[in-house]
Structure formats: structure tokens, C-alpha cells
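Below is one structure, written out as C-alpha cells, with a few remarks after it.
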Amino acid sequence: MATTKTTSAGRAKTAKAAKPAKPAAKKTAKKADETETNPLHVPFFDALGERNGEVDLPKTVFDEKPNMPVMHQAYLRQMANARQGTASTKTRGDVSGGGAKPYRQKGTGRARHGSIREPSMKGGGTVFGPHPRSYEQRMPKQMRRLALRSALSQKAIDGQVRVIESYVFDEPKTKQAVDLMEAIGFDNSALIVLPAPNMIVSRSFENLTGTKTILARNLNIRDLFTHTYLLLSKDCLDLLEENFKARERNGDEK
């Protein structure tokens, strides 16, 4: 009777074929109905702090790709321009006195000195000390606007922008300002942007720690960096677009 020999390679092949097939891995793709949040759609509140839907931010200002180097340069420029540069010291030629040699050249056992106003003497002049100077840095206007648009766009991306319809302060009331901040949901510092000067609103917020009011035309990179939230009046949107949008070039296509 003939016998059939099974080689090791054949046994391995048969065992491999006998194993059950693994189920196909499920794809982890996002569902079609899931859409990313648009940073230009921000919460909109009425004068009492109640949410009233959403409002669209202007793309010409809040849809800029954040440029970190330009923002950093603009911040350093603003901090440098805020320095007074009034520090001053006197050299040995500016200090009064010291016309005569303090003691004889030899025989005292001390160092040789020709004036009591030398830098090595107490009350003497200062070597390489500071003198009044200007720390001003210049930056092109379009770069400054780019820095502001980048900072505003980053605020929108982080979800830290809120828009309010108006303010209904009859008189300066800090308690009313606190209630408005709590109703909106601010849990950190906030920058209140107004379209025009309003002393009642400014006086209401000035005693709140971490809160500052500013006009839309005076918006700057330092205040945007040092405050977490940004509360804009609805009328400020047009002013921001008018003042800080990018300049249109002749060769650009609309």
C-alpha cells in the first residue's frame, strides 16, 4: 500500500490556510454629518448677556493665517516704544569736585589716585553707564496691520471672541458689569472693545480686575496678548474691517 509523506512546508501551508480570516479593520474616518467648527462664527449676545445665536466675523480681518514672527516683532516694537529712555549717569567729567590730588603720590601705602571723582572712588563717576536715548523701533504700517489681523484671527481660532449687541448702562455700575461678564461666561481677563468713547461703560468696567476697555481704532497687539477674551460691540466689526484690512494691490484679482 502506498503511503503519502507530508513535508514540513506542506504542513505549515495547511495550518496557515486553516486559520480563520481576520475581520477587516474598521475605518476611523469621520462621519459625513460631522463638520468642523467655523472660527468665524462666534456667539452673539444681547445687552443683558443672553445668547442670541451667532454672528459672522469679517473675513478680511479674522481669516488671516497667524504670522508668529510678525506678531512677535510688533509686540517687541510696542514694548520698546513705551520705554522712556531717561536713565542717566555721570562720568568722572560730570561729577563736581576732585580738582586736587587727594594725597601725595608716595609714602602713604595706599593706591595712587589723582582725583576723588575717579570711578574707583566712592562718589566718583560711572563707567559705561546709561545715558538718555531713544528705544523707538520703526515698523511698516502694513506689517503692523498684519500683526493685528494675525492676533485677532488667533483669538477667533481659539474660540475667545464674543460679540455683544450694545450696552444698556444708565449709570456707572460695577455690579452690572460683573453680572454681564458672568452671563457671557468669561472666566478670565477680557478686553472690551467699544466703537466710540462711552464714559458710563468705561467707568463700569474700570474697577474689574483683568478687564480693560479700549476703542476699536486703538486696538493694539499688547492688549490682545495680555487679555484672554475679546468682547466686541457689533458696531466695531465694520470699524475693524475699515481700519485693519489688507491693502488691495492693483495686480490682485478680486
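Placing unit charges on the Cβ atoms only, positive for Lys and Arg and negative for Asp and Glu, gives the range 124-180 a dipole magnitude near 440 debye about its Cα centre.
For Ala190, the residues whose amide H sits under 5 Å from its own are Thr211, Lys212, Thr228, Tyr229, ignoring neighbours fewer than 5 places away on the same chain, with H placed 1.01 Å from N. Sorted largest first, the spans of the alpha carbon positions of the range 100-152 along the three principal axes are 73, 18, 13 Å. Taken one residue at a time, the phi angles of the range 161-170 give Karplus couplings (6.51, -1.76, 1.60, θ = phi - 60°) of 10, 10, 10, 10, 5, 6, 10, 10, 8, 6 Hz. Gly and Pro are set to x. If R0 equals 35 Å, the separation of the Cβ atoms of Leu48 and Asn243 corresponds to a calculated FRET efficiency of about 0.75. Here the contact order of the range 28-133, divided by its residue count and restricted to Cα pairs under 8 Å and six or more residues apart, works out to 20 percent.
Each peptide in 40-46, 94-100 was scored by the mean count of other Cβ atoms within 10 Å over its residues; highest first, the order is 40-46, 94-100.
Of the residues Val168, Val201, the one with the largest accessible area comes first in the ranking Val168, Val201, computed with a 1.4 Å probe on protein heavy atoms. Only protein atoms count toward the accessible area here, which uses a 1.4 Å probe; on the range 71-153, the carbon and sulfur part of that area reaches 50 percent. Computed packing ranks the peptides 47-60, 152-165 as 152-165, 47-60, most packed first, by mean other Cβ atoms within 10 Å. Overall dimensions of the range 157-242, expressed as equivalent-ellipsoid semi-axes from the Cα gyration tensor (√(5λ), whole Å, largest first), are 18, 15, 12. Which of the residue pairs Lys155/Lys234; Lys141/Lys245; Lys175/Lys212; Lys175/Lys234; Lys59/Lys155 have a Cα-Cα distance greater than 19 Å in the structure shown? Cα-Cα > 19 Å for Lys175/Lys234; rest within.
The values are calculated or read from the model by the stated rules, or taken from the named source; none is laboratory data. Predicted model, so just to flag it, every value in this text is computed and none were measured. Note that we place each Cβ from the backbone using ideal geometry, even for glycine, and neighbour counts take in every protein chain shown. Please note that ligands, DNA and RNA were not included when accessible areas were found on the heavy atoms of the full protein model with its side chains. Shrake-Rupley method; radii C 1.70, N 1.55, O 1.52, S 1.80 Å.
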